[in-house]
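The values are calculated or read from the model by the stated rules, or taken from the named source; none is laboratory data. A quick note: this is a predicted structure, and the numbers were derived from the prediction, not measured. Here the Cβ positions follow ideal geometry from the backbone for every residue, glycine too, while neighbour counts run over all protein chains shown.
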Amino acid sequence: MKKVFLISVLIGVCFLSACQKNNMGTIPELNKTPESQVIDQSNDEQEKNDDTKEETSKESLIDLKEYDGTKEITLQWKNQKSSANFAQAPLLPFGLYIPNQMEIYKFDDGDKWGYDNNKQHISLLEYDDIYFTDLNLQNNELQKYEEYVGSKKHDGPSQIEILFEDYFVLEKDNKKYVLSLYYFESEKETALPMFLEVLKHIRYVSE
């Protein structure tokens, strides 16, 4: 009887142990809540908001106003301050206030405004996509401006000194124009702040 009893007890223990293992193995996995989806959607929305914020955070460089007949104003950039006389572009309906540090260079296809025998200058042209085909640089200093498109850096083996070209798009009455800045690397600290100040005060000249 004792042997039968012990065998019965052992069988019962083994049976209970097997049941516990089966129950543990068949514990249903908790269904995932929609929280993970909500988090993913929130991340997507955050990325979109960041992109939109980056676009909307850009500022306008040019406050384009119609020319009111004022022939002279004062321009100020960095530690410089200079009187500037109005000069109208001969072929396009715009004019710029040119400080004393700059000159007007006349060409058949329009004027350029700059210094150092036109080595550093501003150009104003009718819009054409060809100007933007080989842009190879984004100037971090200019990316905050909504009119800025991109730059070209000329630093090839035949280039004696690195030359930069910065391009901006100006729009008036649903028509686009291109503003470009040319300057050598050695003149960047002098030319760029002055040229940007000139661009800020460009005026539209109505017919």
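Quick notes on this one:
- Within segment 158-207, considering residues that are in contact with a helix residue (DSSP H, G or I) (Cβ under 8 Å, 6 or more places away or on another chain) and closer than 21 Å to Ile73 by Cβ, the one surrounded by the fewest Cβ atoms within 10 Å (Cβ to Cβ): Phe168
- Of all residues in segment 148-207, those that are under 26 Å from Asp129 (Cβ atoms), touching a residue at least 40 places away in the same chain (Cβ under 8 Å), in contact with a Ser or Thr (Cβ under 9 Å, 6 or more places away or on another chain) and of a type in the set (A, V, I, L, M, F, W, C) total 4.
- Scanning segment 153-207 for residues that are of a type outside the set (Asp, Glu), touching a Leu at 6+ places or on another chain (Cβ under 6 Å), in a strand (DSSP E or B) and farther than 24 Å from Gly69 by Cβ yields Lys153, His154, Phe168, Val178, Phe184.
- Among the residues of segment 111-136, the ones that are over 20 Å from Glu161 (Cβ atoms) and part of a strand (DSSP E or B) come to 5 in all.
- The residue that is farthest from Asn139 (Cα to Cα), counting only those in segment 158-207 that are among the hydroxyl-bearing types (Ser, Thr, Tyr) and at pLDDT 95 or above, is Tyr204.
- Residue within segment 137-150 that is modelled with pLDDT of 95 or more, within 22 Å of the chain's Cα centre (by Cα), among the aliphatic types (A, V, I, L, M) and not in a strand (DSSP E or B) present: yes
- Only one entry of Asn118, Asn174 meets the criterion of being polar (S, T, N, Q) and over 24 Å from Ser60 (Cβ atoms), and that entry is Asn118.
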